[in-house]
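For reference, the structure discussed in these notes is given below.
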Ligand code: B4P
């Protein structure tokens with residue numbers, strides 16, 4: 001049973017929703033960089049202030065900042081983990097590979113959640129978070145295509161990708177994730 005996993009997919013595909021369910025079921029540490037950044041914004045830290053404006057535009061927060069957050073959590077954790085929304089570009093993926101080599105904890109599986117842009121847009125508009133208005137969502141989709149989607153080839157080459165269709169009810173998608181993990 002895989003216990004070191006990544007969730008990859010466009011904004012609104014349900015990475016957070018599915019990662020939370022699987023992490024609870026398999027007793028894994030759930031690390032969502034989006035959640036961690038929003039917590040920093042909420043707490044009014046210097047890091048949060050730096051992240052807030054970037055997130056509001058739908059762009060990516062600096063690699064150094066996100067890496068520092070992930071590194072801290074992984075180094076102090078003993079056991080399985082599930083990374084949700086990280087890495088989001090090749091530089092982050094390469095830095096993660098180095099960190100995991102150092103920790104001797106290779107990734108076992110990358111779950112790729114796939115969903116049409118039209119449904120993504122609907123889901124995010126009905127969620128209504130600060131960064132969920134149409135112009136920002138379109139920018140996030142563009143950023144995903146340009147910066148995050150190349151990770152699919154990166155992890156496919158390593159034989160780690162498991163594709164999951166993310167359309168349908170939350171429970172239906174959750175079952176597909178479990179089936180995909182084998
Ligand atoms: P994230 O927090 O990662 O958010 P997301 O990609 O928009 O959403 P996710 O795919 O997790 O969807 P969710 O389950 O919430 O990123 C936000 C921002 O943080 C980024 O734009 C960036 O600025 C910054 N950031 C994060 N990580 C970063 C990194 N590594 N480097 C740099 N910057 C970073 O689901 C979406 C909605 O759909 C919810 O309302 C949910 O309830 C609903 N939903 C889920 N599954 C459904 C289903 N099956 N049917 C119907 N609705 C469903």
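What follows draws every value from the coordinates through simple rules; no lab data is involved. All values derive from a computational prediction rather than experimental measurement. A quick note on method: Cβ atoms are made from the backbone with ideal geometry, for glycine too, and the neighbour counts reach across all protein chains shown.
Summary of values
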item	result
log₁₀ of I(q)/I(0) at q = 0.19 Å⁻¹ - the stretch 4-47, Debye sum with one point per alpha carbon	-0.66
Cα-based Rg of the stretch 1-101 normalised by 2.2 N^0.38 Å, two decimals	1.05
Over the chain, equivalent-ellipsoid semi-axes from the Cα gyration tensor in Å	23, 21, 15
q = 0.31 Å⁻¹, the stretch 38-93: log10 I(q)/I(0) [Debye, one scatterer per Cα]	-1.31
Fully extended contour minus Cα-Cα distance, from residue 75 to residue 53, at 0.36 nm per residue	5.1 nm
Dmax and Rg, reported as Rg then Dmax, of the stretch 57-118 (C-alpha, Å)	13.0, 41
Neighbour-count ranking [beta-carbon atoms within 10 angstrom, fewest first] of 55, 1	1, 55
Reference-scaled alpha-carbon Rg (2.2 N^0.38 Å with N residues) for the stretch 94-182	1.28
Mean projected area (nm²) of the alpha-carbon convex hull when the stretch 137-176 is viewed from all directions	3.7 nm²
Cα gyration tensor of the stretch 97-137 - equivalent ellipsoid semi-axes, whole Å, descending	34, 14, 8
